[in-house]
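Read the structure below first, then the notes.
The values are calculated or read from the model by the stated rules, or taken from the named source; none is laboratory data. What you see is a predicted model; the values in this text were computed from it and never measured. Backbone-built Cβ (ideal geometry, glycine too); neighbour counts: all protein chains shown. SASA here: full protein model, heavy atoms, side chains in, ligands and nucleic acids out. Shrake-Rupley method; radii C 1.70, N 1.55, O 1.52, S 1.80 Å.
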Amino acid sequence: MEQGLRVLIQLVLEFAPVVANLVQKRNEASAALAKLQPPQEVKEFLEVVNNSIVQSNASEIAGVEFEREKTMQQQLAVYNRQTQLHIAKYERETSLKLPEVNRILDSWPLRLYPSQILESSPSNNSNARTPLKIFVAPPKILFDKFDNREGDISDIEPMLAEGLRDFLNCYYSLHNPVRPTEFLAGAWYSKRFHSESSIKALFGMLKSEPILILESETDGDYINFRIGYWGLGQDNYYYKTISRLSYRDIVYQSAKNRALQWKQIRDELILLGEDTDEINQMGGDNVYNLELLEREAKWKNKGIDTSKIALKYRVNRQDFEKLCQVLTNCHCLVASWIADVYHLVHHDVSPLLPELLPSLVDNGIDFQSIGAIASGYKQVYQALESERRYWVPELALQLANSLSSLNDPTWANEQVDYSLNTWLQLRQLSSPVSNSNPLKVMLNAVKIEDEEYINNLKAYFAAVGDIQNLKLVEEILDVINELKTLRSSEYAYLTNTLTGHSEKVTSVVISPDGQRIVSGCADKTVKVWNLHTGKVIRTITGHSGEISSVAVSPDGNFLAVGISDTPRSNVKVWHLETGKLIHTLLGHNKPVNVVSISPDGQILASGSNKIKIWNLQKGDRVCTLWHSSAVNATAITSDGTILVSGTSDNKIKLWNPQTGEPLRTFIGHSGEVKALALHPNGQILVSGSTDSSIKVWDLNSGKILHNLIEHSSEVKAVAVSHDGKLIISGSSDKTIKIWHLPTGELLQTLTGHSGTVNSIAITPDDRFIVSSSSDKTIKVWQLTKG
């Protein structure tokens, strides 16, 4: 076994249990923190997914429970990672302020000051991967022990740094988005410092930074190879000698190999008739080394222990370059394994070293070595599994794919079997009997969401040349494609159900950035939610009555809330980001049924038995639009020149919102007009009514373009997609319908609410529909088509 591989095996055997223990301690710390103060976003996200279980039928409960747990574990992992980054940022900011900093600097082993290293660290952006910083403390070898040196060949550091730099730049560069490392060559002040005091000084100042120190120190004819390491969030460092190399043996072995090569050349020249003495004159120190090597071999054959004899081979630059090559190889293998483990533990990135090993090890890798490397990775993965049990199939398959490039598939196949059987167990499916293939059981249980996992299985079986299982995986992918075809025939499907309100949810709107949902409820509260996670960001209280309507300004700063509290009905304007009250607008004597903000963000319209127009910024009243009956709905054109109102006397009125001048009246509904929405081009109006119909109007002519009559009860909400292609309607019949606006064709009916659908909103990118209902829930639906 060559030296580099031997060092790697020793590292794995020593360090893998240490990493597994560090991960276990992190898990215990996270569990303790969760018990003391569970992360609110995770609790609320879990509450959202819990609700989806309630909405599922019995046959779906197991699958939904699985997805809930898996998603929760992912959220916890993200939360823990963000917490580590915040802690690292705090430690970074405070480390230079420590009172003992000057004493620490007395033992400082680097040419770089702490401030230079800390200031180069990335921000606490949770999406950015913190690079592992790598330092090398090279050995100082006493080359005067060797005879016949050719010039000054004693400085190993430049060659070692160059070799490691080339390797890291190729596979683990600072700019690598997947596995970044930062190699700080030449930073170690090697003439002054080695060992524990230096590592302790470094950890004291740089514990916020993940760091690997590769330290080599001469001890007689040996080099002690040590590593110092700490990752993010560790409360102590690891420092240990992992290997002891005889540099004399390495140099002498190189000299012997040169001598043997020279013997082959010499013999060929002799066969050509060349003079032996002249040939030997050209052989240089190879002649002496070959003679000594042959004598050593003769003595060994006679049973003499030549290790007790001080044999001195003559060495030259080639032999010391070989030593540098061996040391470089050791450093590359160790740096690669630890960088892999660091990014696996902290960033969920699969190991790269197994793929690189065949090119890094000249003489191949024996079965025992593969087993040791695989076992080391497995220990780390098993530690990760304890915090993410529902991600075990992905983790085990990830390891199998990493090991698939090794020349023996036994260890990789073991991980695949483990991955497949765990996949079935987590879905409460029976594992196959002996000699039965788990892939056949998966055929009837797979979902679209499993596509990435199945594709990774396909990559594995292709890599190891398993044709039989590759065909089965292709069948599973065919099943997924059929499911995708079925789903693609739908325009939308349910992705989330948000709970938290205690009464009917009367109104819902989406922030201009498409990231937040704002809901108003009869429980007198307004809630702001994260659309993608379903977590509650803020609850706004302080309203005197039921919330009838909410609206958000185009810049996302203002939140207008209409309140039904006769005779003290009012409108409140809040700062959306902070929840601070900005205005309370008084003047309505009847319930405020609706509020809307103009697309230019200048005016706010509130409707009761009349419409009041307000200056949104100042809170001043601009004018009043008088009506003879209650106003249920309003909409304002994109240029702000026309306000449309829908009323309880079945009419639609058009107004100039700046002057209060009435412009036109549309008559066509036989019941109250409950909902209005404008096409983005400002030329088409959509209205919904208690007569169960939806009408599409030409705003300029008043002509009815479509009369949509598929709802079985009153239409309470309508919305138009931002690309102008779809109408979304909500009704007291508890359904949501998706229509093709240009043709009036009904595309899909969404069911799921158990009460009246009161309000509909669409994200700016037309990817999601949000609905609110009298069943006290908000549902998020993903649009698959436009």
Would you mind putting 238-244, 273-279, 642-648 in packing order, based on average other-beta-carbon counts within 10 Å, highest first?
642-648, 238-244, 273-279
Can you tell me the length gained on complete extension of the stretch Asn656 to Ser197, counting 0.36 nm per residue apart and subtracting the Cα distance?
157.3 nm
Once label points are set 7 Å from the Cα along Cα→Cβ at both Glu474 and Lys703, what is their separation, rounded to one decimal in nm?
5.7 nm
For the residue pair His722 and Asn236, what label-to-label distance in nm results when each label sits 7 Å from Cα along the Cα-to-beta-carbon direction?
5.4 nm
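Evaluate E = 1/(1 + (r/R0)^6) for Glu745 and Val178, where r is the Cβ-Cβ distance and R0 equals 41 Å; express this FRET efficiency to the nearest 0.05.
About 0.30, to the nearest 0.05.
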Carbon plus sulfur fraction of accessible area for region 512-620, probe 1.4 Å, in percent:
46 percent
Once the Cβ-Cβ distance between Asp555 and Arg621 is put in as r, and R0 is 22 Å, what FRET efficiency do you end up with, to the nearest 0.05?
0.50
Amide hydrogen neighbours beyond the local backbone of Leu585, cut-off 5 Å, H modeled:
Val571, Lys572, Val573
Multiply the residue separation of Ser489 and Glu414 by 0.36 nm, subtract the distance between their alpha-carbon atoms, and state the gained length in nm to one decimal.
23.0 nm
Whole percent per 10 Å bin, from 0 to the bin with the longest distance: what is P(r) over all C-alpha pairs of region 548-695?
12, 44, 35, 8, 0
Between Asn481 and Leu13, the FRET efficiency computed from the C-beta separation at R0 = 60 Å comes out, to the nearest 0.05, as 0.85
In square nanometres, what is one fourth of the surface area of the convex hull spanned by the alpha carbons of region 328-431?
6.5 nm²
State the extension gain, in nm to one decimal, for the chain segment bounded by Asn444 and Ile270, taking 0.36 nm per residue of separation less the distance between their alpha-carbons.
55.2 nm
Please list 250-259, 650-659 highest first by mean number of surrounding beta-carbon atoms within 10 Å per residue.
250-259, 650-659
Could you report region 447-563's accessible area per residue, 1.4 Å probe, as an integer in Å²?
40 Å²
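For a 27 Å ceiling on Cα separation, which of these pairs sit above it: Lys618/Lys651; Lys200/Lys322; Lys527/Lys716; Lys618/Lys737; Lys440/Lys484?
Where the Cα-Cα span goes over 27 Å, the pairs concerned are Lys618/Lys651; Lys200/Lys322; Lys618/Lys737.
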Report, to the nearest whole %, how much of the accessible area of region 210-275 belongs to carbon and sulfur atoms, 1.4 Å probe, protein only.
44 percent
On the accessible surface of region 370-484, probed at 1.4 Å with all protein chains in place, carbon and sulfur together account for a percent value of 47 percent
In the structure shown, of Lys378/Lys447; Lys612/Lys734; Lys207/Lys535; Lys133/Lys207, the pairs separated by more than 22 angstrom at the C-alpha atoms are Lys378/Lys447; Lys612/Lys734; Lys207/Lys535
